[in-house]
Structure formats: C-alpha cells, structure tokens
Amino acid sequence: MQLSLNPKGSGPLYRQVFNTLQEAIIQGVLKSGQRLPATRDLSEQLNVSRNTINTAYDMLQAEGYIGSRPNSGFYVTSELPDTTMAESSVKIKTSAKNIPQLSRRGEALARPSRPVPRINNPSFVPGLPDLTVFPYSQWQQCLQKIDLKSASNLMGYQDQGGLWEFKCVLKDYLQLSRGVKCNPEQIIIVNGSQAGLDLMARLLVDANESIAMEEPGYLGAKDGFLAANAKVITVPVDDEGLQVEHLNSLNKKQRSAVKLIYTTPSYQFPLGVTMSLARRLALLDWANKHEAFIIEDDYDSEFRYHDRPLSSLQGLDSQGRVLYIGTLSKVMFPGLRLGYLVVPENLSSAFAGALRKTGQDAPLLLQAAMARFIERGFFNSHIRKMRKLYGRKQEIFVGLAQDYLNNWLEIKATSAGMQLPAFFKEKTNEKRLLTIAQDKRINLASLNRYCSLKNSSPGLYLGYAGIPIEEMKKNILLLRDCFSALH
Ligand SMILES: Cc1ncc(COP(=O)(O)O)c(C=O)c1O
C-alpha cells in the first residue's frame, strides 16, 4: 500500500504522519483489521525517522484507531473510535453555501479600520510605552508571590465587577492622583478600556439615540460605538477642548437623542489640548440639562510634564453624569489588557452583570498581581520614572523635529501625553508620504485618520514615548528623508 505525506502539509512531521494514517483509516483505504506497515518500512517510504513513525502510531493507538498484537505489529481496530471526532478531523470542504454570512453587527465588527500597533517597531506609533525601562523583575515578583492554594477567590468565577482588593487600591489611587470620587463598588474592571467603551454603548444607548464625540477624535471609541450599533455625531474641538456650544446648535430632535458624550479632557486625542475649567463646567451643565451622560476617557493622564494635572471631570461632577474610564495599557503595557470604569452607583450592578454576559471580565490572577504592584509602591514609582523620561523625550523629540523637519511640519511641545500632533506647513501629498514611510518601515499616522471630514486636519500624529532616546535622531532623519523624497 502506497502512502505519502501531503507536500503542502505543515506542523510537526509526526502530526502529518498521524493525519495521513487517520484519514486513510476513516476513508477506508486502510480497512478494519488490516495490518499497518512495519515502522521501518513506513519510515523509508515516507522518508522520515522511525521515531516519527513510532510517535504517530502511539497517538493513533491512544485515540483508538489502531491496536497492537504481540510480535505481530499494529492493526486497524474493528470499531472506529469517536466517529464525530473522526469526521471533524477530516478536511472540511467549504463552499459558498456553508460559509456563515456575517450579521449586520458582524460586518461592523469585522471592518478593518486601524493598523495594530507593533510593539517591536515603536517609531512614531502613538501611545506605545517604552518597554525597555519596564520594571520586569518587580512585576514578575508580584505575579509569582500569589499563593494560589490559599487564594480560592482567584480560582473561581467573579460577580463583583472585578477583584475587591484591586478595586480598593484603585479607588485610593484614583482619588489621590485624579481626584475621582467613588467607592470600590463603583469600579468595574474590564479587559482593556476598549471593552469598557463597548459595554457603555451597549448598556446605555438605544437605536434611536446617539453618542456625540470629539472631532477629530479617538478612532477606537468611534469604531467601538459603531460596532455596538450606536449612532455617532461629531462635535468640533478648539484650544479649550470639545466645543460645548456646538451641542446647542443641534436641532431639538438631535439634541434630545444625545445619550452619551465621549471626551478626552486631560489630553485631547489627537489634538493634545486640555479642556478648560469653563468648558468642563459647561459640559457638565449641558449633560445635566439634557439628561445625557459623559464618558471621560482619561487614557494617559498620568503623563503631564510642566504643571499639576487637572483633576478629573468625574471629580467635578455632583450629579452622577460622568462615566470615567482608564487603562493600564500606557502606564504598564498594552498586552496586560486591564482597564477600569468608574460608574454612577446606581449602574454598578448593571455593569457587573453585563461583564459576565459579554465575557469582558478580566483574569483575577492579573488583577491580584496588579493590586500587589500598586500596594508595594512599584506602580507610583514607575509612573514617576516614566513621567520624567517621557517629558525629556518630548523635549528632545520636539527639538530634533524643529531642527530637521521645520520645512514641512509645525510641531510644538505639549504639556502632556505620549504623542503629539504635527501640522503640514504646506499642501502635502499625504498618501504618497505614508507609502514612502511604509517602505522605510516607519509608522506614520495621519491626523485625518481621526476625522470624519476628510482633509480637515492635514498633518501627522507622532508618537515619541516608545522610541528609545538614542534612536530618536535616526527616526527623525528617516522622516526627513520621506519628506525629501516627495519633491
Ligand atoms: C484615547 C484612548 N483611549 C483608550 C486607549 C486604550 O485602550 P485599551 O485599554 O483598550 O488598550 C487608547 C489607546 O491607544 C487611546 O488612545
């Protein structure tokens, strides 16, 4: 009997031999009771080692496809093991008819929008932290010190919207550093703030209602809202932040349909302005009068360089109109997938319940490690170190940009953040610039990406925090080469 391996097969050889024999048995090429080739013969026939054949035979035997007889070799068993399993392991033939069609919501969820930032190539990527100075050993220690045997609360399901100890230390941190007013019950731990945005839209917005958001604004939020079937309307931003008076220019029907207003008041994404106190008060007042709620996305507020951070909008709110959202993707690292919400007291059980239904609850083990990381003081000292480092990086970055990119870009220092906007000084073929940059393996984000009106904000959104200081000049010179190549 002639057996051969699929020339396009992938994976370990023993698995390929196993698959070939399994298929031959299921399709009746190898019949029940039939003797399998001796391992030496098959290893020569397939040009693989005898060990590989032995491993494949052991697997076939363990799964019940073959049996052995003393001094006689291996035989196909008379009964196939689990036929459903056997059938499912045969190659599935797909045709247009049996490919499931995406639902309308599925279409919105699957639509590609923004590239996934690559942590190993941080040049100019907005919002990526510098992981070369991450306190790996302290984090490792916090993970390892958890004694699972005596922590049964970490081994089961959760129903409180997160690990209680973690919520308590977060409450203290948010109160002290961001002026957030809450009790631990109001804190909901999610796997990244993206999950929080999804939950807010799904829990609070009906089909006839809308979410107002800053223009230009954070694409992750807009994508999340649209995928949750919410209608999005845009509100322009000026140098005091979201223009609240624009909400008044909406007609009555539109105004009353606004259920949520999404904003990034600490460091507007992407223009980098801080919302003034007058605007904050006006926004709270508008929300209150129109029975709307505000989503305050405080994504990188820890990094403020020249002045004391303004307290959160949530801390100013006396009417329970603000839903606060924070992430550990910037201060720690994005792969951690931990974010937190602070919701009005009367909504906390709804959010905690929705977490379980949507599976957006974060692993308890990570929450416990994070609580320890904060309690031990590692978190605050890491933030202090990174604030100093990113402040210095911004100074160097802006200095170099002004030296080498001045012909093309207007770049000014900002008081916070991990990235900044840079505006084209003259009409620029942006599409070509991005293609040239891609060829040089540098990541450029266009400011227009964050606008619904195309070409309303011509420029780039440049991340600097993730670039090591010693590589900054090289990156700026590469960008200069991209601009030069346009002419
Ligand atoms: C404005 C804004 N919000 C939130 C996030 C963080 O999202 P996540 O916690 O899902 O990583 C980002 C990340 O880039 C962001 O820019």
* open to solvent by 30 Å² or more (accessible area, probe 1.4 Å), more than 16 Å from the ligand (Cβ to nearest atom) and within 26 Å of N153 (Cα to Cα) - does that describe any residue in segment 326-345? -> yes
* **Filter result for A228 (crowded, with 22+ Cβ neighbours inside 10 Å, within 30 Å of A108 (Cβ to Cβ) and in contact (Cβ under 8 Å) with a residue 12 or more places away in the chain)** => no
* Just wondering, is there one or more residues in segment 274-287 that are in contact (Cβ under 8 Å) with a residue 24 or more places away in the chain and within 16 Å of the ligand (Cβ to nearest atom)? -> yes
* Structure fact -> Of the residues in segment 169-189 that are assigned to a helix (DSSP H, G or I) and open to solvent by 40 Å² or more (accessible area, probe 1.4 Å), the one that is farthest from F378 (Cα to Cα) is E185
* Search segment 295-316 for residues being more than 14 Å from the ligand (Cβ to nearest atom) and either in a helix (DSSP H, G or I) or under 22 Å from S210 (Cα atoms) (or both), and hand back the single one that is most open to solvent (accessible area, probe 1.4 Å). => L316
* Structure fact -> Taking segment 431-472 and keeping residues in contact (Cβ under 8 Å) with a residue 12 or more places away in the chain, open to solvent by 70 Å² or more (accessible area, probe 1.4 Å), over 25 Å from the mean Cα position of the chain (by Cα) and over 22 Å from H487 (Cα atoms) leaves L453, E471
* Asked: Filter segment 253-273 for residues that are out of contact with any Phe, Trp or Tyr (no Cβ under 6 Å at 6 or more places or on another chain) and of a type in the set (A, V, I, L, M); which is farthest from the ligand (Cβ to nearest atom)?
  -> A257
* Asked: Scanning for something open to solvent by 40 Å² or more (accessible area, probe 1.4 Å), assigned to a strand (DSSP E or B) and among the polar types (S, T, N, Q), does segment 233-252 turn up at least one residue?
  -> yes
* To do: Mind telling me which of the residues G220, G192 ends up being open to solvent by less than 60 Å² (accessible area, probe 1.4 Å), at positive phi and within 16 Å of the ligand (Cβ to nearest atom)?
  => G192
* To do: Answer yes or no: is there a residue in segment 169-182 that is small (G, A, S), at negative phi and free of Cβ contacts under 8 Å to residues at least 60 places away in the same chain.
  => no
* **segment 7-16, residues that are open to solvent by 60 Å² or more (accessible area, probe 1.4 Å) and at pLDDT below 85** => P7, K8, S10
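The values are calculated or read from the model by the stated rules, or taken from the named source; none is laboratory data. Values in this document were obtained by computation on a predicted structure and should not be read as measured data. So basically every Cβ, Gly included, is an ideal-geometry build from the backbone, and we count neighbours across all protein chains shown. Accessible surface is based on the protein model in full, side chains and every heavy atom, while ligands, DNA and RNA are left aside. Shrake-Rupley method; radii C 1.70, N 1.55, O 1.52, S 1.80 Å.
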